[in-house]
Every structure is written in C-alpha cells, then in structure tokens.
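The values are calculated or read from the model by the stated rules, or taken from the named source; none is laboratory data. Since we're looking at a predicted model, the values are computed, not measured. Quick reminder, even Gly has a Cβ in these numbers, built from the backbone with ideal geometry, and neighbours come from all protein chains shown. Only protein heavy atoms, including side chains, enter the accessible area calculation; ligands, DNA and RNA are left aside. Shrake-Rupley method; radii C 1.70, N 1.55, O 1.52, S 1.80 Å.
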Amino acid sequence: DTGVSQNPRHKITKRGQNVTFRCDPISEHNRLYWYRQTLGQGPEFLTYFQNEAQLEKSRLLSDRFSAERPKGSFSTLEIQRTEQGDSAMYLCASSLQASEAFFGQGTRLTVV
Amino acid sequence: AQKVTQAQTEISVVEKEDVTLDCVYETRDTTYYLFWYKQPPSGELVFLIRRNSFDEQNEISGRYSWNFQKSTSSFNFTITASQVVDSAVYFCALSHWTGANNLFFGTGTRLTVIP
C-alpha cells in the first residue's frame, strides 16, 4: 500500500500522560501536514512541513504539541500532559509540492 | 479571514436520485483554491477535486459535477444517480493561492443514500 500511513489507529490515554503519533507519507511527497478533527467538525490545520522544515504552525498548536520530521520522511506529533480537550482524530496528509493532498486514516485519541 | 459554510448538515436521498451539496465560502484573497473531499466511515479523507479561482468552468467527472460561481462565492457539488456507496460526509475546503494545502474546511454534509 503506497498511501499515507498513520500509527497507531487508536490511542486511549489517561489525562496528563504524553502520547506520540507517527505518520508515514507517500514516499515521493515532500510536504506533510497535520490536522485535527473533532466530532461533527471539519478538520483543522495544525502544521505543515516541507521536507524537514516546519514552515507553518496554527495557533491551535499549543506549547504542549510538538511535531517533527527529522529526515524529511516520516513525521511524529507529540502531545504532552494530555487534556480531555485533546480527544480528537489526528489526521496526516502529504503532497508533492502544492499538488492535492492525500490523507491517512487518522489516529483517534481518547483522553480519559 | 477564511470561512467555508456548508449549511446542509445531513441529507438523505433514495438511490438513483440526484443530490446537490452546497458550499459557500468567504475569503479576502483574490486568488485561492477550492476543494471537495469525501470522508467515508473508515475515516480517510478522499480527494475529489481542486479548482483554482481563475477557472470558473464547471467540471464533470462521471456521476460527479461541480458548479463554481465566483459571483455568489459558491462551489456546489452534484452527484447524479446516487448510489449507496456515495454515503459519506463530504467536506468543502478553501486554501490560499500558495496552495500549501493548509486547508480551511467546512463542517461537512453527511449524505445518506437509502437503497
């Protein structure tokens, strides 16, 4: 399968714990995006990378959130000291330059 | 500010009926991109179309067609002869001309096609 891959698909964590999600983009895609989607809403942009450089961050990305793409391939999104409000679907997408973005199936986070 | 409004929260149609999903957008940009994505129950967003603001020609792809009207800031999506597999949530989205894919999504329209 050559699509965008996200792991894990589901994560349940206790409030206050740290969690990390991984995204593997389509192999030739140089841009990678993270979005968050809560129930009944459209996805909201969090951040994007061009190769290993993080070029834009939304104000939604609080200090507890950090994203990396160390070698310009896969990316990780870490949430520290999780809160119940962090419960959402976290979507990753990739694109070749400014062509259309292809999304993964997401990681559903539940903070209890 | 960028804003996308999908006023129809849920729509139900009987199989083989035509259905139109509405999308109205707001932007201060003179150039921009508009998108439609489909989100089936599996959760993965499936790209359907991208249209730049210079191109107001309507587009048809099989049973799908899109009507872009800059004068009314609308980018509506019609499915002809709907099928059960069309059941999903459909999102309209907007991005800056840079096309960096930091998309502003609407709240989506849940389409249910009844057999």
Criterion violated by A:Q50 - all others in (1) within 14 Å of chain B (Cβ to nearest Cβ); (2) open to solvent by 60 Å² or more (accessible area, probe 1.4 Å) satisfied: (2)
A:S58 under 16 Å from B:L45 (Cα atoms), of a type in the set (G, A, S) and within 11 Å of another protein chain (Cβ to nearest Cβ): no
Options A:F74, A:F102: the member that is in contact (Cβ under 8 Å) with a residue 24 or more places away in the chain, open to solvent by 50 Å² or more (accessible area, probe 1.4 Å) and within 11 Å of chain B (Cβ to nearest Cβ): A:F102
For A:E83: the one exception among (1) at pLDDT below 90; (2) more than 14 Å from chain B (Cβ to nearest Cβ): (1)
Number of the exception - A:S66 against (1) closer than 19 Å to B:N101 by Cα; (2) not hydrophobic (A, V, I, L, M, F, W, C); (3) not in a loop (DSSP other than H, G, I, E, B): (1)
Filtered residue count, the range A:33-71, keeping only those that are within 17 Å of A:F102 (Cα to Cα) and either touching a helix residue (DSSP H, G or I) at 6+ places or on another chain (Cβ under 6 Å) or not polar (S, T, N, Q) (or both): 11
Single residue of B:S82, B:S73, B:S87 found to be away from chain A (no Cβ under 13 Å) and surrounded by 20 or more Cβ atoms within 10 Å (Cβ to Cβ): B:S82
The range B:93-115, subset in contact (Cβ under 8 Å) with a residue 24 or more places away in the chain and within 7 Å of chain A (Cβ to nearest Cβ), residue surrounded by the fewest Cβ atoms within 10 Å (Cβ to Cβ): B:T107
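Looking only at the range B:16-54, filter to residues that are surrounded by 13 or more Cβ atoms within 10 Å (Cβ to Cβ) and over 29 Å from A:Y90 (Cβ atoms); which one of those is farthest from the other protein chains (Cβ to nearest Cβ)?
So, considering only residues that are surrounded by 13 or more Cβ atoms within 10 Å (Cβ to Cβ) and over 29 Å from A:Y90 (Cβ atoms), the one farthest from the other protein chains (Cβ to nearest Cβ) is B:E17.
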Subset tally (residues that are open to solvent by 80 Å² or more (accessible area, probe 1.4 Å), modelled with pLDDT under 95 and assigned to a strand (DSSP E or B)) for the range A:1-46: 0
